[in-house]
Amino acid sequence: MEYRRTAVIKLDTPEGADDSLRETVEQFKHCANTASEWCWHGDDGYHVISKAKAERALYDQLRDETDLTANLVQKGIRRAVEAVKSGVERLKRGENTSQPHFSADSAVYDKRSATFHRDHVSLSTVDGRVECDYILPDDSETPPTKYVSDEGFEFRMAHLQYRDGDWYLHASMEKVEADEETPESESKHRTVLGVDLGVNNLAVASTGRFWSADEFNHWRREYEKRRGSLQQCGSRHAHENIESVGQKEYGRFEIHLHTVANELIVEAVENDCSHIVFEDLTHIRENIPGATWQHVWAFRRLYDYVEYKAEEHGIEAVQVDPRNTSKRCSTCGFTHDNNRVGEVFECQKCGYKNHADYNASKNIGLQYLRRRQNADDGGAPVDVRLNRGTLNVSGEYVPPASTEA
Ligand SMILES: [Zn+2]
């Protein structure tokens, strides 16, 4: 059982630290407000709710404009993305909302920008690190002292806040289970969920779960139909109408993509996967025969959703080189054009036969395994999660540990 507490800790700031902290918080707000402005007005007319996308667009600029560390710039952007995301959810429910604005004197710290001790904290600022002692009530049974002094509670992250002339740390603390106290090293065994994206099935996971493209096809047909009828009208407002139909239709389909993304996360969580592996989406239209620009849009959106939702579960979304994932045999590795005919994969060498998209999803997971094997972390073991058991890098099948018949 794991639980969280927020400890509100008053800080004793050393001489001269006040200015550094104020400037840090000012610059943090600048990052958050710049990102909010950009995300709210969006890319091609759509609100941006992908942290990765916002970071790609704004990180360099904000690093130039501020004296903050990389980590604080990133946290500022992410804070804005979270707020824009909530705003978009409110819009979807038909509630009134506007571009988020950050006016409170506050900044977000994690373990890279702060070092949390039991009696003081070291905070990264525009002038380097500043160490502040905690001002804690003596009673060890009262919060925040109760949690701060309890080694069973670990600091996860904190909001630094300025209020009425004083600095406070709103620290999120988490109870750690006895068997979790040993820090999990990087060499932890990894299990990945491979995901194949396609035209007939929107997504297929290496666990054998399929997400059909029916909903997508329906949406696309409706979209084209409405667009077509509006174009026939030929009114001078036709173009604007087409745009607004687009917005509405997109919104509807985005909800479906959220559902698929949530189900993919559940699949990964239930199967104890540390990574969800997709093919590289850069040239996806060329890689998937029959893919339209709507497919490309949907795949990228789906990936963005999975990426940020996965993060909350400590799961990482990654993309791998998609070469040969549809022609390669996930069992013996034999790669040939004739291995795949439509939706059927049949290996011309070993005879392995299965759904082509399912074979591809396993290859996408395996592709990540091969990449990891060449990585410089000592080649921590990685497996691809299948519907029963796992597949290791040599393509050997490992049956599940349970004794179920
Ligand atoms: Zn084969």
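The values are calculated or read from the model by the stated rules, or taken from the named source; none is laboratory data. This is a predicted model, so every value here is computed, not measured. Glycine gets a Cβ as well: all are built from the backbone with ideal geometry, and neighbour counts include every protein chain shown. With ligands, DNA and RNA removed, areas are computed over all heavy atoms of the protein, side chains included. Shrake-Rupley method; radii C 1.70, N 1.55, O 1.52, S 1.80 Å.
Summary table
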| quantity | calculated |
| --- | --- |
| Size of charge dipole - segment 4-178 - debye, nearest 20, with Cβ of Lys, Arg +1 and Asp, Glu -1, no other charges | 1000 debye |
| Thr97 paired with Thr6, simple spin-label distance in nm, labels 7 Å along Cα-to-beta-carbon | 1.8 nm |
| Gain on full stretching of the segment that runs from Asp119 to Asp214 - 0.36 nm per residue minus C-alpha separation | 28.4 nm |
| Estimated inter-spin distance, Glu316 and Arg129, nm [label 7 Å along Cα→Cβ] | 2.5 nm |
| 5 angstrom amide H check on Phe334, placed H, neighbours 5+ away | Cys329 |
| Whether segment 271-376 is rounded, prolate or oblate, judged on the alpha carbon gyration tensor where a/c under 1.5 counts as rounded | oblate |
| With all protein chains modelled, accessible area of His117 [1.4 Å, Å²] | 70 Å² |
| Where only alpha carbons of segment 4-178 are counted, the Rg and the Dmax (Å) | 17.4, 56 |
| In Hz, Karplus ³J(HN,Hα) per residue of segment 131-139 (6.51, -1.76, 1.60; θ = phi - 60°; x = Gly, Pro) | 9, 10, 7, 8, 9, 10, x, 5, 4 |
| Amide hydrogen neighbours beyond the local backbone of Glu154, cut-off 5 Å, H modeled | Glu174, Lys175, Val176 |
| Cα-projected label distance for Lys353 with Asn200, points at 7 Å along beta-carbon direction, nm | 1.5 nm |
